[in-house]
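The values are calculated or read from the model by the stated rules, or taken from the named source; none is laboratory data. Model, not experiment: these values are computed from the prediction. Virtual Cβ from ideal backbone geometry, glycine too; neighbours counted across all protein chains shown. All accessible areas refer to the heavy atoms of the entire protein, side chains included, with ligands and DNA or RNA removed. Shrake-Rupley method; radii C 1.70, N 1.55, O 1.52, S 1.80 Å.
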Amino acid sequence: MRQLVVVIALVGLFAAAASARPKDQAPLFKSAEAKHFTTAEGVELSPAFVDYFYAELRNELTKAKLVNEVIGEGEAVDDADAAKSVVISGSITEYKKGNVVKSALIGFGAGFKSLRMDADVVRRSDKQNLCAIHVHVKVDPRWNEKVMAKGAAHEMVKEMKKALTEGGKPSAPEVTKPS
Amino acid sequence: MAPLSLWNRSLLFVTTSSLLLSTSGVAADEPKPKPENTITIQLGDPVPVQKFEHPPKFWISDVTDRSGNPQPMLVLKERGGIFLDKQPTAILKESIEQSLKSANLLAADQASADLVVRVYLFHFGLASGSVLDLFGKVEFSGMVKNPKTGESQEVKATGTSIANGAVRKKNIQKNVQENIEAALRDATRNFVRGTQLKDAVAQLYKPGELSTSPPAASTSN
């Protein structure tokens, strides 16, 4: 009986230590500067979308704990910290408005709003491209574009974290978020 | 004047009463500032200012509201409204001055200042976000001017913040307050730590050259 209690206690301790390890992991970079994304020709999104996406991207970066500090666009960084700082820039390459009727009649993702974005993560000191992210987000056409921005920012940071922790692959695979 | 027929009188009654009802309805929907729906926005700890090669003394001469918002103190109209206790211009001026003062970069008065900043506020409060959360935004630009040479340069700053939405009025008020405070802090930080301010100071304030160079022609604001 006593042996069983000891074994259970050891297993519990081991599980607790294993779950605590990722939380204690130090962020990869000291600071990250997110820039406003540009829109490609033909992309019909409101200027408020880009503004909101910028805010949401910074919010997701803070939540992901990928960096110590998320700084605003155009903020100065100490020269000593430049090697451990990154700049995130990108563009919205494609946006399809979707179709409510098609979505309601067919379903299964038909008529969904679609958004494609590209982003580059560049080291501040030597401008080396650490990773390139391509994100494809699909949302229900009845949802407003800000909800789409929220989903896109979440996917973007998730892919960024994956690419940077795996050793900075040149290009991450395309991600599709159905809803 | 001929007396109105029964039909005309009833028509007049219906029109008048509907007009009165609609105006009273509008008046009831318009929120009013009360102590329980008024929030105080504060910067909290001063934002650390960047290091300058030749640290100048700044003076915030004036903050002008260019938002075009007819009710700048009303930040949220729904749920009985949420109001600010001060004008956004006063809050912004206070926060910039507080940060400059903590870094010993605030002049005692305009006459003794090396660089005078005139601020134009474009947005303060909540902006249109998704229905799931609150999107706080503070946007302004500062016209940094050297009073001795008359040269000036524009410095833009933006601060954003995303906060969770809420259902209860008390929680909404708390989240809105935290959200605007975070956006104000972010915008102040963007201004005092921005490369634009660094470039403006480097271009406008050269203490060594002032005694030798003649005053340049004044530039427009």
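Points to keep in mind about this one:
- Set B:Gly125, B:Gly136, B:Gly159: member being open to solvent by less than 10 Å² (accessible area, probe 1.4 Å), part of a strand (DSSP E or B), under 18 Å from B:Gln42 (Cα atoms) and more than 11 Å from chain A (Cβ to nearest Cβ): B:Gly125
- Of the listed requirements (1) at pLDDT 90 or above; (2) in a strand (DSSP E or B), A:Thr176 misses just one: (1).
- Total residues in the stretch A:140-163, condition open to solvent by 20 Å² or more (accessible area, probe 1.4 Å) and in contact (Cβ under 8 Å) with a residue 60 or more places away in the chain: 5
- Applying the criterion of being touching a Phe, Trp or Tyr at 6+ places or on another chain (Cβ under 7 Å) and within 22 Å of B:Met73 (Cβ to Cβ) to the residues of the stretch B:97-122, the residue that is nearest to the other protein chains (Cβ to nearest Cβ) is B:Phe122.
- From the options B:Ile172, B:Ile180, residue that is surrounded by 15 or more Cβ atoms within 10 Å (Cβ to Cβ), farther than 23 Å from B:Ser102 by Cβ and among the hydrophobic types (A, V, I, L, M, F, W, C): B:Ile172
- Residue-level check: of (1) within 21 Å of A:Leu164 (Cα to Cα); (2) within 14 Å of chain B (Cβ to nearest Cβ); (3) buried (at least 16 other Cβ atoms within 10 Å of the Cβ), A:Asp81 misses just (3).
- Residue in the stretch B:57-85 that is most open to solvent (accessible area, probe 1.4 Å), counting only those that are assigned to a loop (DSSP other than H, G, I, E, B) and in contact with a Pro (Cβ under 8 Å, 6 or more places away or on another chain): B:Lys77
- Any hit, the stretch B:97-119, residues being over 19 Å from the mean Cα position of the chain (by Cα), among the charged types (D, E, K, R) and crowded, with 17+ Cβ neighbours inside 10 Å: yes
- Residue in the stretch B:97-122 that is farthest from B:Val201 (Cα to Cα), counting only those that are part of a strand (DSSP E or B) and of a type in the set (A, V, I, L, M, F, W, C): B:Phe122
Quick grid of which residues meet (1) part of a strand (DSSP E or B); (2) modelled with pLDDT under 90; (3) more than 16 Å from A:Leu61 (Cβ to Cβ); (4) within 17 Å of the chain's Cα centre (by Cα):
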residue: A:Ala80; (1), (2), (3), (4): no, yes, yes, no
residue: A:Ala83; (1), (2), (3), (4): no, no, yes, no
residue: A:Thr93; (1), (2), (3), (4): yes, no, yes, yes
residue: A:Ala104; (1), (2), (3), (4): no, yes, yes, no
residue: A:Phe108; (1), (2), (3), (4): no, yes, yes, no
residue: A:Ala119; (1), (2), (3), (4): yes, no, no, yes
residue: A:His134; (1), (2), (3), (4): yes, no, yes, yes
residue: A:Lys138; (1), (2), (3), (4): yes, no, yes, yes
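- Residues that are among the aliphatic types (A, V, I, L, M) and surrounded by 20 or more Cβ atoms within 10 Å (Cβ to Cβ) were ranked within the stretch A:40-65; the one that is nearest to the other protein chains (Cβ to nearest Cβ) is A:Ala55.
- Condition check for B:Glu94: more than 14 Å from chain A (Cβ to nearest Cβ) and assigned to a helix (DSSP H, G or I): yes
- Some residue of the stretch A:141-149 being touching a helix residue (DSSP H, G or I) at 6+ places or on another chain (Cβ under 6 Å) and in a strand (DSSP E or B): no
- Scan of the stretch A:33-70 for residues that are in contact (Cβ under 8 Å) with a residue 60 or more places away in the chain and outside any helix (DSSP H, G or I), ordered by number: A:Glu33, A:Phe37, A:Leu45, A:Ser46, A:Leu66
- Subset tally (residues that are within 14 Å of chain B (Cβ to nearest Cβ) and more than 11 Å from A:Arg124 (Cβ to Cβ)) for the stretch A:84-109: 0
- The condition of being open to solvent by 20 Å² or more (accessible area, probe 1.4 Å) and either hydroxyl-bearing (Ser, Thr, Tyr) or over 14 Å from the mean Cα position of the chain (by Cα) (or both) does not hold for A:Ile71.
- Taken over the stretch A:116-139, the criterion of being open to solvent by less than 30 Å² (accessible area, probe 1.4 Å) and within 14 Å of chain B (Cβ to nearest Cβ) is satisfied by A:Val137, A:Val139.
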